[in-house]
Amino acid sequence: MQDWREDKTFFRATIALPVIWFMIFFVVPMAMVWAYSVGENVGPVEVAITGTFSNYAKAFSPEVLKVMGDSVVLAMVTTLICLVVAFPVALAMTFADEKQKTWLLLLIMLPFWTNLLIRTYALIAVMRTSGVINSGLEGLHGLLALTGMQMGTFEPLPLLYNKFAVVVGLVYVHLPFMVLPLYAALDRLDKSLIEASLDLGAGHLETIRRIIVPLAAPGIAAGLVITFIPALGAYLTPDLLGGPDDLMIASLIERQFKRANDWPFGAALSFILMYITLIFFAIRAFMERKGGKVGAH
Amino acid sequence: MSDRDTIIRVEEVSKRYGKVTAVDRVTLEIPRGEFFALLGPSGCGKTTLLRMLAGFEMPSEGKIFIDGVDMSTIPPNKRPVNMVFQSYAVFPHMTVFENVAYGLKFDNVAKADQYGRVMAALADVKLDHLAERKPDQMSGGQRQRVALARALVKKPKVLLLDEPLSALDAKLREAMRFELAELQDKVGITFVMVTHDQDEALAMAGRCAVMDRGKLMQTATPSNLYEFPANKFVADFIGSVNLFEGTLEVDEPDHAIVQSEELGGRIFFDHGVSGAGGEKMWVGIRPEKIELLKREEGAAPPTPEDAPSGCNVTAGTVRQISYLGSESIYEIDLVNGRRMQVSRPNLSRWDQEDFTWDDEVWLRWHGDSPVLLQS
């Protein structure tokens, strides 16, 4: 049998199609968007590529900076909540038996296969003023009032159209992104290391802190990045669940391309989002190198 | 045995997983300072029993006492035992020193004393020169020493060892046998080792418990396990044995005779056995306790040395010879078709040719060689 690495023809044949695909549908459009980002509007539909950086300069206006800052904060809060929620879930999954593992993984994946729009509207149905939570609370309120407690009138909780709603929605949507890499990292962990720690006198929390977390660090880092990046660029969730003040970058970009009809500014914002993403990738790569071969064998 | 000298007492302990009984009403006492081995084929429940001693599994029934204290409600991190895991379970993100010091953090050992104790434990396992190494820069044998030091530094009342030698290569395994036994002698801590390797158990342990399908078969010293097995399973599991079914024909206080169709003859015991006449029983004879003699066509059988004529002697033909250097194993086909194993030490450099394939031979043994087994 021939060595495929040696056989250049075979290598070229297998790689040709993906390369062409990648060129047509990624590199070329990205180049066009980049070109727009240094262009100017010269008519309702025409853009002249003038090499100007004014679009990028416009991004440093206070309004745009606020949206970007909000986006980063919302995405970070989302990522951290995801980590806190996903870690025990992932850890518990690794201790389930094989049959249960399959079902638990399926349950984690199930929302993934449901349309995002449907899930978001379902969330609205749960959280709106007359939604499941508020009517439930109203019922409870009524019951307590019946027992003679001084309850006053029921005020529905403002669950929707604010940053709280955006974070809830983002956490809901992005939780699988966190659970899966954490689960992969924790499941690889030799269970006898945990037993050894207990055997040597450590309690469960000490074992998590001193053994499990350090050894799962690469998985935690992967989970943070994999969750943060899509959360930062989220469009539908903040758009539907947030109020007018809870704009995230993606919505701002969408406005430039549609309502504002300012393609060069939209293109510049798109690239700024990409640069932010790349910065976080770089931080992760740097941390990984600094961390050395921790957890690796 | 008084409670004071008993470090581990296992009382009627069973462990069930659904319908499977992993450990079945095991009762066991281990004296302080002993090197004890739990021996048995895989799936016999020995590891489950060890894990119950460590606290990773809880008995479904029965009680475990360590140094007189009931362990029923005590979690692994509060037990006065430490374990050396089969995979060693050395923490990969810590240096050797940090690994060994890990357990001392939870024992309220003053920081100043930690260094001395860790280095002393590392010296015990001859690793004090590698304290700053990371586990991924060490061999399997060295990682095992880290695991040993990490457990011993806690000065446990009992050290549990789960198949400690199984992951080492053959040469190192031999060396570690002696080293572990020496270490145990030096530190004076009770060792409880799980192994499926009978050589390992016999070579290292002061006493062994043989288990099969969750049940304790026999607890005895290595030589007693070999020479006085309690039943067929132990006789067969420890070393090789020729087993014959037979009926007890003569049952006197000072001798007994078993008639065996399988052997095609009678087996004489020069001592009394406990059993009732006419009962079906098993007789085991170790291969090295059988003597091979040349057989001439038509010649009378040799007289047994210390048995009535016609007993403890049978005719056969050499079928297979395995030359093992120090000894040779002969597979002999008896006249009635049964195969029997005989081993002979190669005492002289020249006598290996004495018996060869298809030789007609007599097999003869002493009246104290066979062992009567009732189950």
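On a full-extension model of 0.36 nm per residue, what is the gain between B:W357 and B:A167, subtracting their alpha-carbon distance, rounded to one decimal in nm?
Length difference between fully extended and current span is 64.5 nm.
Each residue of the range B:17-33 in turn: what ³J(HN,Hα) in whole Hz from Karplus with 6.51, -1.76, 1.60 and θ = phi - 60°, glycine and Pro shown as x?
10, x, 8, 8, 9, 7, 10, 10, 6, 8, 10, 7, 10, 10, x, 4, x
What FRET efficiency comes out for A:K99 versus A:E138 if R0 is 35 angstrom and r is the Cβ-Cβ distance? Round to the nearest 0.05. Before the final figure, lay out the partial values.
On the way: r = 41 Å, r/R0 = 1.18.
Rounded to the nearest 0.05, the efficiency is 0.25.
So if I restrict to the alpha-carbon atoms in the range A:110-178, what is the Rg, and what is Dmax, the biggest pairwise distance, in Å?
In order Rg, Dmax, the Cα atoms of the range A:110-178 give 15.4, 47 Å.
Give me D for the protein assembly as shown in µm² s⁻¹, whole number, from Stokes-Einstein with Rh from the Kirkwood sum over alpha-carbon pairs, 10 °C and 1.306 mPa s.
Result for D is 49 µm²/s.
Dividing the alpha-carbon radius of gyration of the range B:106-255 by 2.2 N^0.38 Å (N being the number of residues), what value is obtained?
Rounded to two decimals, the normalised Rg is 1.39.
Among DSSP beta bridges lying fully in the protein assembly as shown, give the percent that are antiparallel, nearest 5.
Numbers: 65 of 84 bridges.
Rounded to the nearest five, the antiparallel share is 75 percent.
Using the Cα centre as the reference, give the magnitude of the dipole from point charges on the C-beta atoms of the range B:108-253 (Lys, Arg: +1; Asp, Glu: -1; all else neutral), rounded to the nearest 20 debye.
1200 debye
Among the listed pairs B:K19/B:K63; B:K78/B:K105; A:K191/B:K126, which are separated by more than 23 Å between their Cα atoms?
Too far apart for the 23 Å limit: A:K191/B:K126.
Would you please classify the overall shape of the range A:6-157 from the alpha carbon gyration tensor, given that a ≥ b ≥ c denote the square roots of the eigenvalues, rounded means a/c under 1.5, and beyond that prolate means a/b larger than b/c while oblate covers the rest?
Oblate shape, in that a/c is at least 1.5 and b/c is the bigger or equal ratio.
Looking only at the range B:77-121, which residues have a backbone nitrogen under 16 Å from a spot 7 Å from the Cα of B:E132 in the C-beta direction?
B:94-99, B:119
By the gyration tensor of its Cα atoms, with a ≥ b ≥ c the square roots of the eigenvalues, what is the shape of the range B:225-325: rounded for a/c under 1.5, prolate for a/b over b/c, or oblate?
oblate
Please identify the longest segment of chain A free of exposed GluC sites (Glu not before Pro), where exposed means a DSSP state other than H, G, I, E or B and no more than 16 other Cβ atoms within 10 Å.
That gives A:47-297 as the longest site-free run.
Find the Cα radius of gyration of chain B, compare it with 2.2 N^0.38 Å by division, and give the number to two decimals.
Taking N as the residue count of chain B, the ratio is 1.21.
Write out the trypsin sites (Lys or Arg not before Pro) in the range A:195-297 meeting two conditions: DSSP loop, and at most 13 other Cβ atoms within 10 Å of their Cβ.
A:K258, A:R259, A:K293
At 7 Å along the Cα-to-beta-carbon direction for both B:A120 and B:S240, put a label point, then send me their distance in nm to one decimal.
With each label point 7 Å from Cα toward Cβ, the separation is 4.9 nm.
Simple spin-label model, 7 Å along Cα-to-Cβ: B:L324 to B:D197 in nm?
1.6 nm
For B:M58 and B:L293, what does the FRET efficiency come to when R0 = 60 Å and r is the distance between their Cβ atoms, rounded to the nearest 0.05?
Efficiency computed from Cβ-Cβ geometry: 0.55.
What list of ³J(HN,Hα) values in whole Hz, one per residue of the range A:204-218 in order, does the Karplus curve 6.51 cos²θ - 1.76 cosθ + 1.60 (θ = phi - 60°) give from phi, with Gly and Pro shown as x?
For the range A:204-218, the Karplus-derived couplings read 5, 5, 4, 5, 5, 5, 8, 10, 5, 4, x, 6, 8, 3, x Hz, x marking Gly and Pro.
I need the shape label for the range A:68-291. Rule: rounded when a/c is under 1.5, else prolate if a/b > b/c, else oblate, with a, b, c from the alpha carbon gyration tensor.
The shape class here is oblate.
Taking the simple approach of a point 7 Å from Cα along Cα-to-Cβ for both A:L146 and B:H255, what is their distance in nm?
Label-label distance for A:L146 and B:H255, simple model: 9.7 nm.
Kindly write out, for the range B:125-134 in residue order, the coupling ³J(HN,Hα) from the Karplus curve 6.51 cos²θ - 1.76 cosθ + 1.60 (θ = phi - 60°), rounded to whole Hz, with x marking Gly and Pro.
So the J values, rounded to whole Hz, are 9, 6, 10, 4, 7, 10, 4, 8, 5, 8.
Can you give the longest run of chain B that contains no GluC sites (Glu not before Pro) sitting in a DSSP loop with at most 14 other Cβ atoms inside 10 Å? All intermediate terms of the calculation are to be shown ahead of the outcome.
Details: sites that count: B:E132, B:E261, B:E279, B:E296, B:E297, B:E305.
My reading of the result: B:1-131 is the longest stretch.
Report, for chain B, the % of DSSP beta bridges that are antiparallel, rounded to 5.
On the way: 62 of 81 bridges.
The answer is about 75 percent antiparallel.
Bear in mind these aren't lab numbers, they're just calculated from the coordinates by the rules spelled out. Since the model is a prediction, treat every value here as computed from it, not as a measurement. A quick note on method: Cβ atoms are made from the backbone with ideal geometry, for glycine too, and the neighbour counts reach across all protein chains shown.
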